[in-house]
Amino acid sequence: MSNQKQQKPTLTGQRFKTRKRDEKERFDPTQFQESVVQGLNQTGTDLEAVAKFLDFSGAKLDYRRYAETLFDILVAGGMLAPGGALSDDMTRTNFCLFTAPEDVKTMRAYAQVFNKLIRRYKYLEKGFEEEIKKLLLFLNGFSESERNKLAMLTGILLANGNLSASILSSLFNDNLVKEGLSPAFAVKLFKSWISERDINSVAASLRKVGMDNRLIELFPLNKRSYDHFSKYFTDAGLKELSDFARNQQSLGARKELQKELQEQMSQGVSFKEIIAYGKEEIKKSSISEQMMIGIVWTSVMSLVEWNKKEELVTEQAIKQLKQHSPLLKAFTTQDLSELTLLLRVQDYCYDNIHFMKAFQKIVLLLYKVEVVSEEAILKWYTEAHLAKGKSVFLEQMKKFVEWLKNAEEGEYHVLLRSCIDVS
């Protein structure tokens, strides 16, 4: 063996320098802020010029990286520290939302600035929503005038579709709620929003993101009631918002009632007990019999997994409704309740395509078991039917209605038996 020491292998090769574009750039908004502030100081209060400046500057400034800084400057004049105060060591501008006149015309003009900016640079959409959420959390750090301007602007942006109503979740922050800032801000915001659109548009936007049932969270727990909500917003001149919240409360109560009725039916609770429970709810919740028959109908029809074949689904429906006819009869003691039930049947058969041909037989069953009367059927047929499936359902009922009008009592029962076997 050789005593010569074995040489260790060495790595050889060329060392590459990191390319400049691959180096991670340090986050430093100082220069970005100075450029934006300088541009805003030059354009001043001319918001058309501001919009043009922002459009042009997006080609050379990194809006994507410094989106939060950009929006802070446009709203408050400079970068915001946590809590909403302006950072002391940064350049500021006096030409921003918070220093603008507090009027609707100016707020609409600022809304257009943001609208044009976001339409030009679509990638700013998400960052803008996050900015608004942050600003709402900072309300305590702003003056009353600044909060008012922000509320008016936010309402206009919501009306224009530039923001999702999900941003309102920031107003449910415990500290804002406790200090009473949330409802006060909401008053200004909703007045602005409704004045640009209407309550129906506002309601649709709230429902879309599940905010329709959460507005009551604007108040602390000891004031979190619909009576307090209604009085507060009615006194503030927003009765339409109060009415909307009341309707949502009623809708929630109806859903809970329907759920309870379905559970009782599926558990085999006696009809006598279910009827007693329903009658008690009518008294306790101040709901009408017409509303109750709608709930009972929906509960009965929700118990079954329906067949997809038309001929079989009709048999299923007749069997189900005949079995539960005592419940339907108990809540159709008024003429209007009978008509309400017929309208619910029409609506259901139209919305569920497999039931289109079952409508006539369902109505005849309800007549046979004395849930609906001859008068109710005739009123529905001649004047009170819905537009949904009108021609189809009227044609189905035409022959029976003619017999009701013209035949002797014994004759139309013969027709009834020929139309449907309910024995």
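The values are calculated or read from the model by the stated rules, or taken from the named source; none is laboratory data. Keep in mind the model is a prediction, meaning the values are calculated, not measured. We place every Cβ from the backbone using ideal geometry, glycine too, and count neighbours over all the protein chains shown. The area values use the complete protein model at the heavy-atom level, side chains included, leaving out ligands, DNA and RNA. Shrake-Rupley method; radii C 1.70, N 1.55, O 1.52, S 1.80 Å.
Ignoring ligands, DNA and RNA, please state the percent of accessible area on region 269-408 from carbon and sulfur, probe 1.4 Å. Accessible surface attributable to carbon and sulfur in region 269-408 totals 51 percent. Other residues lying with their Cβ under 12 Å from the Cβ of Q396 contribute a combined charge of +4, Lys and Arg counting +1, Asp and Glu -1.
Entry comment: accessible area of region 29-249 is 47 Å² per residue, from protein heavy atoms only and a probe of 1.4 Å. Ordered from largest to smallest accessible area (heavy atoms of protein chains, 1.4 Å probe), the residues Y350, Y63 come out as Y350, Y63. Sorting K178, K399 on solvent-accessible area from highest to lowest, probe radius 1.4 Å, gives K178, K399.
Heavy-atom accessible area, probed at 1.4 angstrom with all protein chains present, ranks D335, D55 as D335, D55, highest first.
Working value for the chain: equivalent-ellipsoid semi-axes of 63, 32, 22 Å, each the square root of 5 times a Cα gyration tensor eigenvalue, largest first.
Here region 29-249 exposes an accessible surface that is 47 percent carbon and sulfur, computed with a 1.4 Å probe and the other protein chains kept in place. The distance from the alpha carbon centre of region 249-316 to that of region 42-87 is 56 Å, rounded to a whole number. Less than 5 angstrom separates the built amide H of L86 from those of A81, all sequence-distant by 5 or more or on a different chain. Counting Lys and Arg as +1 and Asp and Glu as -1 over every other residue whose Cβ lies under 15 Å from the Cβ of E240, the net charge comes to 0.
Can you check what the net charge comes to around A59, using other residues whose Cβ is under 14 Å from the Cβ of A59 (Lys, Arg +1; Asp, Glu -1)?
Its environment carries a net charge of +2.
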